[in-house]
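The values are calculated or read from the model by the stated rules, or taken from the named source; none is laboratory data. What you are looking at is a predicted structure, and each value in this text was computed from that prediction instead of being measured. With ideal geometry, Cβ positions are generated from the backbone for all residues, glycine too; neighbour counts draw on all protein chains shown.
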Amino acid sequence: MEPTEPAPPRLAAAVADGIATVTITHPAKRNALTPDMWRALPGLLAGMATDPAVHALVLTGAGDSFSAGADIGALREPGDVIQDLSVRAEEALAAFPKPTLAAVRGYCVGGGAQLAVACDLRFAEEGARFGITPAKLGVVYRSSSTRRLVSLVGPSTAKYLLFSGELIETERALRVGLVDEVLAAGELGKRVAEFTRVLASRSRLTQAAAKEYAGGREDRDAHWDEQARDSGDRAEGVAAFLERRAPRFGWTVRE
């Protein structure tokens, strides 16, 4: 029998029941991200951002790892090519207008951790390991990436991770705020499916406004007041509560 060819590195995308799932797929290298994978992510996200069938997005890795970071072979490319690509992908993920959740198993390191930090929420399986590792390679993270990490875990923990490049376990990641929930082995997929069903049932108007405000936008009150008045979501939410039924929210992402 001839040896099986390893699966080519790619981002696999699927939408089911209102939830988009993007799977980092490069199992031969623990889902390390190639330049083509970094390039593909912003366009993939742009299509899902405007798709009314997508209510939330899950980012995960194929098999038993989330992502071990950038494919080290790609770091031989000249100049700041990989930095530019990875930051562009990270910023596209952070700007995605709907809730995003990183579902993490195994290694979540370097560029993989950048993407996880750019998500709104992070759920991890016990035994996952997290690391921010530019100091091991002499790489300088861009200010936007560093600020996002500091905003999530605080200056002291961000410095610990960036200065040392050490990997931390799920218990510490939960304690410092790097992850939001830790699940027992075999329970991550079930919990993510359950939680994203909850997200899909809630008002997208509320979620979109809350995401902007939590991200530091303070100049959009008039915009969101207008959206709220025109959406009908509040009237539907109150009616559903009084009638003891599930609400049917109708607002979709728009400018």
Requested in this report: State the number of residues belonging to the stretch 1-24 that are surrounded by fewer than 17 Cβ atoms within 10 Å (Cβ to Cβ) and closer than 24 Å to VAL81 by Cα.
Outcome: 3
Query raised in the report: Tally time: how many residues in the stretch 165-217 are over 21 Å from LEU57 (Cα atoms) and of a type in the set (Lys, Arg)?
Result: 3
Query raised in the report: Does the stretch 81-92 include one or more residues that are charged (D, E, K, R), part of a loop (DSSP other than H, G, I, E, B) and at pLDDT 90 or above?
Result: no
Report task. Hand me the list of strands (runs of 3 or more DSSP E) wholly inside the stretch 95-170 holding 2 or more residues that are in contact with a strand residue (DSSP E or B) (Cβ under 7 Å, 6 or more places away or on another chain) and modelled with pLDDT under 95. Result -> none
Requested in this report: Would you be able to say whether some residue in the stretch 177-192 is over 30 Å from ALA135 (Cβ atoms) and of a type in the set (Asp, Glu)?
Outcome: yes
**Report entry** Residue check, ASP80 surrounded by fewer than 16 Cβ atoms within 10 Å (Cβ to Cβ), out of contact with any His (no Cβ under 8 Å at 6 or more places or on another chain), of a type outside the set (Lys, Arg) and closer than 25 Å to ALA158 by Cβ
**Finding:** yes
Report summary line: Counting only residues that are without any contact (Cβ under 8 Å) to a residue 40 or more places away in the chain and touching a Lys or Arg at 6+ places or on another chain (Cβ under 8 Å), the stretch 163-190 contains a total of 2
Query raised in the report: Can you find even one residue in the stretch 242-250 that is within 24 Å of ALA118 (Cβ to Cβ) and not in a helix (DSSP H, G or I)?
Result: no
Query - Selected residue (only one of ALA200, ALA208 is surrounded by 12 or more Cβ atoms within 10 Å (Cβ to Cβ), out of contact with any strand residue (DSSP E or B) (no Cβ under 8 Å at 6 or more places or on another chain) and among the small types (Gly, Ala, Ser)) - result: ALA208
Query raised in the report: Does the stretch 213-228 contain any residue that is in a helix (DSSP H, G or I) and under 17 Å from LEU121 (Cβ atoms)?
Result: yes
Report task. Give me a count of the residues in the stretch 185-223 that are of a type in the set (A, V, I, L, M, F, W, C) and in contact with a Phe, Trp or Tyr (Cβ under 9 Å, 6 or more places away or on another chain). Result -> 6
Report task. Please list, ordered by first then second residue, the pairs with beta carbon atoms under 6 Å, 6 or more apart or interchain, first in the stretch 147-162 and closer than 17 Å to PRO134 by Cβ, second outside any helix (DSSP H, G or I) and of a type in the set (Val, Ile, Thr). Result -> LEU161/ILE132; LEU162/ILE132
**Report entry** Unmet criterion (only one of (1) surrounded by fewer than 14 Cβ atoms within 10 Å (Cβ to Cβ); (2) touching a Ser or Thr at 6+ places or on another chain (Cβ under 8 Å)) for ALA214
**Finding:** (2)
Report task. Only residues that are within 14 Å of VAL15 (Cβ to Cβ) and part of a helix (DSSP H, G or I): list them for the stretch 43-62, please. Result -> LEU44, LEU45, GLY47, MET48, ALA49
Query raised in the report: Quick one: LEU242 ticks every box in (1) surrounded by 11 or more Cβ atoms within 10 Å (Cβ to Cβ); (2) more than 30 Å from GLU169 (Cβ to Cβ) bar one, so which box is it?
Result: (1)
